[in-house]
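Enquirer: I have a structure I would like to understand better, so I am pasting it below and will then ask my questions one at a time.
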Amino acid sequence: MLALNPIICGLLALAAGSSTVTPPAVPPGLAAVLRAARWQHRVLLIGAPTASQADFQHQKKLLAAEANGLAERDFKVIDVPYDQLTPADRQYWTQQLGQPVTGFRVVLIGKDGGIKRTETQPLAPVSLFGTVDKMPMRRREMQSRKE
């Protein structure tokens, strides 16, 4: 299972409609989190050997400055420090998502559950948003919000 960090606890609390952050008795695994997000949220997975890795920290800072843009595009951001993965999550990361457990990775998962982009360097929010804003589903979302 994923380690319960403040971001995941916050996301779980938001999903449950709670204003307090209370970790669940058994935290959901990566597969369950992605399954629950399907058709509801775009997911940005930030993977690194540890949460203290420089690229991991840099990516977090870049995204922290763009909270409104992330919310507008229905994003969930999930930390994936490899040293905290359970065997099941490690297997899902490597086999289902096709990502190694070495080095830094940013993986964009669309609302349809498909991998839309993978990067090995921190991803600038403008580039991330540019990728998402070109997607047909996002274009429909923007159009319906104008009406």
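Enquirer: Scan (1) modelled with pLDDT of 95 or more; (2) under 12 Å from the mean Cα position of the chain (by Cα) for the single condition ASP83 breaks and write down its number.
Expert: Condition not satisfied by ASP83: (2).
Enquirer: Still on this structure, please answer the following. Residue check: is LEU44 in contact (Cβ under 8 Å) with a residue 12 or more places away in the chain and within 21 Å of GLN121 (Cα to Cα)?
Expert: In short, yes.
Enquirer: Scan segment 38-65 for residues that are outside any helix (DSSP H, G or I) and surrounded by 16 or more Cβ atoms within 10 Å (Cβ to Cβ) and jot them down. Give the derivation first.
Expert: Here is the first cut: in segment 38-65, the ones outside any helix (DSSP H, G or I) are 38-53, 65.
Result: HIS41, ARG42, VAL43, LEU44, LEU45, ILE46, GLY47, ALA48, ALA51, GLN53.
Enquirer: With the requirement that a residue be in a loop (DSSP other than H, G, I, E, B) and either of a type in the set (Phe, Trp, Tyr) or more than 21 Å from GLN53 (Cβ to Cβ) (or both), what does segment 66-119 give you?
Expert: Here is the first cut: in segment 66-119, the ones in a loop (DSSP other than H, G, I, E, B) are 66, 73-74, 85-86, 97-104, 110-114.
Once the filter is applied, which keeps residues that are in a loop (DSSP other than H, G, I, E, B) and either of a type in the set (Phe, Trp, Tyr) or more than 21 Å from GLN53 (Cβ to Cβ) (or both), segment 66-119 yields ARG73, ASP74, PHE104, GLY110, LYS111, ASP112, GLY113, GLY114.
Enquirer: Looking at this structure, is THR131 under 20 Å from ALA64 (Cα atoms) and touching a Phe, Trp or Tyr at 6+ places or on another chain (Cβ under 8 Å)? Please lay out each step first, then the result.
Expert: Working: under 20 Å from ALA64 (Cα atoms): yes; touching a Phe, Trp or Tyr at 6+ places or on another chain (Cβ under 8 Å): no.
Judged against the criteria, THR131 is not a match.
Enquirer: Something else now. Can you give me the number of residues within segment 92-112 that are free of Cβ contacts under 8 Å to residues at least 24 places away in the same chain and either hydroxyl-bearing (Ser, Thr, Tyr) or surrounded by 15 or more Cβ atoms within 10 Å (Cβ to Cβ) (or both)?
Expert: At the first step, the residues of segment 92-112 found to be free of Cβ contacts under 8 Å to residues at least 24 places away in the same chain are 94-95, 98, 100.
Within this subset, residues satisfying the condition of being either hydroxyl-bearing (Ser, Thr, Tyr) or surrounded by 15 or more Cβ atoms within 10 Å (Cβ to Cβ) (or both) are 94.
The number of residues fulfilling the criteria is 1.
Enquirer: Only one of (1) part of a helix (DSSP H, G or I); (2) at pLDDT 95 or above; (3) not hydroxyl-bearing (Ser, Thr, Tyr) is not met by ARG139, so which one is it?
Expert: That leaves (2) as the condition not met.
Enquirer: Touching a helix residue (DSSP H, G or I) at 6+ places or on another chain (Cβ under 9 Å) and small (Gly, Ala, Ser), is that true of GLY113?
Expert: Yes; evaluated as a whole, the condition is true for this residue.
Enquirer: Return the residues of segment 46-65 that are in contact with a helix residue (DSSP H, G or I) (Cβ under 8 Å, 6 or more places away or on another chain) and modelled with pLDDT of 95 or more; say none if nothing qualifies.
Expert: The initial filter retains those residues of segment 46-65 that are in contact with a helix residue (DSSP H, G or I) (Cβ under 8 Å, 6 or more places away or on another chain), namely 46-51, 62-63, 65.
Scanning segment 46-65 gives ILE46, GLY47, ALA48, PRO49, THR50, ALA51, LEU62, LEU63.
Enquirer: Just to be sure before I move on: is VAL132 under 30 Å from ARG145 (Cβ atoms), in contact (Cβ under 8 Å) with a residue 24 or more places away in the chain, of a type outside the set (Gly, Ala, Ser) and not in a loop (DSSP other than H, G, I, E, B) in the structure I sent? Even if it seems obvious, please write down each step before you answer.
Expert: On the way: under 30 Å from ARG145 (Cβ atoms): yes; in contact (Cβ under 8 Å) with a residue 24 or more places away in the chain: yes; of a type outside the set (Gly, Ala, Ser): yes; not in a loop (DSSP other than H, G, I, E, B): yes.
Yes.
The values are calculated or read from the model by the stated rules, or taken from the named source; none is laboratory data. Everything numeric in this text was worked out from a predicted model, so none of it was measured. Here the Cβ is made from the backbone with ideal geometry for all residues, glycine too, and neighbour counts use every protein chain on show.
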